[in-house]
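To keep things clear, I will list the structure first and then write my remarks on it.
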Number of protein chains: 2
Amino acid sequence: MPSPLRNGNLPVPSPHHHHHFQSTVSAQKLRRLNTLVLILRFASFCFSLASAIFMSTNSSRSTGSPSWLHFPSFRFVFAANAISALYSLFEMGSSIWEILRSSTLLPEPLQLWFDFGHDQVFGYMVLAAGAAGVEAIRGLKSGHTCDAENSLCVQAIIAVALGFVGFAFLALAALISGFRLACFLITGSRFHL
Amino acid sequence: MPSPLRNGNLPVPSPHHHHHFQSTVSAQKLRRLNTLVLILRFASFCFSLASAIFMSTNSSRSTGSPSWLHFPSFRFVFAANAISALYSLFEMGSSIWEILRSSTLLPEPLQLWFDFGHDQVFGYMVLAAGAAGVEAIRGLKSGHTCDAENSLCVQAIIAVALGFVGFAFLALAALISGFRLACFLITGSRFHL
């Protein structure tokens, strides 16, 4: 259940830390952790968005040649990275809200489960899309489509590579949100530093 | 640092639970969690091993036709699942040791970091192999190789599907090992139920 009281009293994470010095140190650490999460979200957003844009603008120069839309894996790369970019944008907003108001945007348990669950699932999704994209490009190369359509292949390679970088930041964010959730489940508070 | 004392005193997870009843309940819960981990490891082992065997025996009946070894993605599926099966076998042993001796096989922090890190990395690896395998099969189908070599495709599909099921169990095991690691980092004990 959401607890607005505990949620609001940010600088006192647990009854064992009543001293002013301790709580100041905790608040500093918490601010650093929140800033780190925000940076990871921002990086994940940038790379995912760039990957989706690179893939979606990957139209061939010559007419009659294959477009990226003809390859299901490239569509998967685009969709996964677009979803990841939208999600990272929402999480950036939620993270900024948490830094400014020192309470979560959604009720606390819901927010923690939401963050961790989506981080994990979208992380797996972006990774799977990247792996499928690599295999599709390999297939194009071995089928000598890349010899005629070099720009298509190069742009697809860049999009897939950007997607992998976005995945790395998402996976790091998943580690932190998983730790926050475990903190909440074990101690009843999402920060225990 | 490893602490053999805390490691050995299993039924008393924290100083707040000194009562006999409480510690008995904790010990029961802990036994159930360890059994659940063992079951997940066993399932992951079975499916990964089956996937690796299915893929490695995927030789074509007719001579001169493509073998699974000619497809890098199929080699990746085999390698990822073979590694995952070996790792799951080790983790099964480690889990049985923990149930019998109520202490970890390796020193406690090392074991927890080892488990979680490998669960995450091998989980990502098996998933990426599966996604690449799906795309490779799709390429074979669209290239009409499957019309002539149907048994190759069917066996590859089964191997990839078994790999995905193995991944699901590995991902669940990663959730539990992540929670155990977070418990250890927060409370100093790997079980806090």
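Here, each number is a calculation from the coordinates, and none is a lab measurement. What you see is a predicted model, and the numbers here were worked out from it, not measured in a lab. Neighbour counts run over all protein chains shown; Cβ positions are idealised from the backbone, glycine included.
Below 14 angstrom from the Cβ of B:Phe76, what's the summed charge of the other residues (Lys, Arg +1; Asp, Glu -1)?
Details: positive: A:Arg138, B:Arg75; negative: A:Glu135, B:Glu135.
Within the 14 Å Cβ shell, the charges total 0.
Here the range B:65-193 is assigned +1 on the Cβ of each Lys and Arg and -1 on the Cβ of each Asp and Glu. Its dipole about the Cα centre then comes out at about 60 debye. Here the label points at A:Ile39 and A:Ile99, each 7 Å from Cα along the C-beta direction, are separated by 1.1 nm in the simple model.
Annotation for B:Trp113, label-to-label distances across the other copies: 3.3 nm (shortest first, one decimal, point 7 Å from Cα along Cα→Cβ).
Taking the Cβ of A:Lys29 as the centre, find all other residues whose Cβ is under 15 Å away and add up their charges (Lys, Arg: +1; Asp, Glu: -1). Intermediate values should be presented prior to the final figure.
Details: positive: A:Arg31, A:Arg32, A:Arg180, A:Arg190; negative: A:Glu98.
It works out to a net charge of +3.
Counting from the shortest, the label point at A:Val25, 7 Å from Cα toward Cβ, is 3.4 nm from the same position in each remaining copy.
Cross-link partners of B:Lys141 among lysines, defined as those whose alpha carbon lies under 23 angstrom from its own and excluding same-chain residues fewer than eight positions apart: A:Lys141. Taking a sphere under 11 Å around the Cβ of A:Asp119 and counting the other residues whose Cβ falls inside, with K and R at +1 and D and E at -1, yields a net charge of 0. Projecting 7 Å from Cα along the Cα-to-Cβ direction, the label point of A:Arg101 sits 5.1 nm from its equivalents in the other copies, listed shortest first.
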